[in-house]
């Protein structure tokens, strides 16, 4: 399936949603372990979606790929053991989880998100400079605002 110009224009808000919900931590009670876990789990699920979006060079069914926008697919430099966690621990209940101790169980969110943020900032910049045909002007304004918000994300900023 090759996406049409209309599909590429219409999917922009969905891609922006994934980026926003991956990198911007909503206000929450850090002392509430369940709430904290829920917030970071949601961020990591969006990160996993973006990882596939940025790295996949072959479409499965109707997947949206960064290459649909003229942005080349490339491996995001995430540590091998952390990548394994994305594949085995995030959305699967596996015996591989037994490898973790109390000290290694917490997700290294910054180590996972920082390399992905660099790629996301590059993509946001790409969309602003080369918007898809028929892209809505208001949507493109929101991409510009997102670029401003993400300025520090590629350098390890949080929140």
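Table for the structure above
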| read-out | value |
| --- | --- |
| Search result, residues across segment 34-62 that are surrounded by 12 or more Cβ atoms within 10 Å (Cβ to Cβ), free of Cβ contacts under 8 Å to residues at least 24 places away in the same chain and either under 30 Å from residue 129 (Cα atoms) or more than 16 Å from the chain's Cα centre (by Cα) (or both) | 35, 36, 37, 38, 42, 52, 55, 56 |
| Residues of segment 63-77 classified as over 13 Å from residue 122 (Cα atoms) and touching a residue at least 40 places away in the same chain (Cβ under 8 Å), total | 2 |
| Test: residue in segment 20-29 that is in a loop (DSSP other than H, G, I, E, B), without any contact (Cβ under 8 Å) to a residue 60 or more places away in the chain, out of contact with any helix residue (DSSP H, G or I) (no Cβ under 9 Å at 6 or more places or on another chain) and surrounded by fewer than 17 Cβ atoms within 10 Å (Cβ to Cβ) | yes |
| Residues that are in a loop (DSSP other than H, G, I, E, B) and loosely packed, with under 15 Cβ neighbours inside 10 Å, drawn from segment 101-143 | 101, 102, 103, 104, 105, 106, 108, 130, 133, 134, 136 |
| Every residue from segment 63-92 that is assigned to a loop (DSSP other than H, G, I, E, B) and modelled with pLDDT under 95 | 78, 79, 89, 90, 91, 92 |
| Flag for residue 97 being in a helix (DSSP H, G or I), out of contact with any helix residue (DSSP H, G or I) (no Cβ under 7 Å at 6 or more places or on another chain), at pLDDT below 85 and buried (at least 18 other Cβ atoms within 10 Å of the Cβ) | no |
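The values are calculated or read from the model by the stated rules, or taken from the named source; none is laboratory data. Computed from a prediction, not measured in an experiment: that's the story for all the values here. Here the Cβ is made from the backbone with ideal geometry for all residues, glycine too, and neighbour counts use every protein chain on show.
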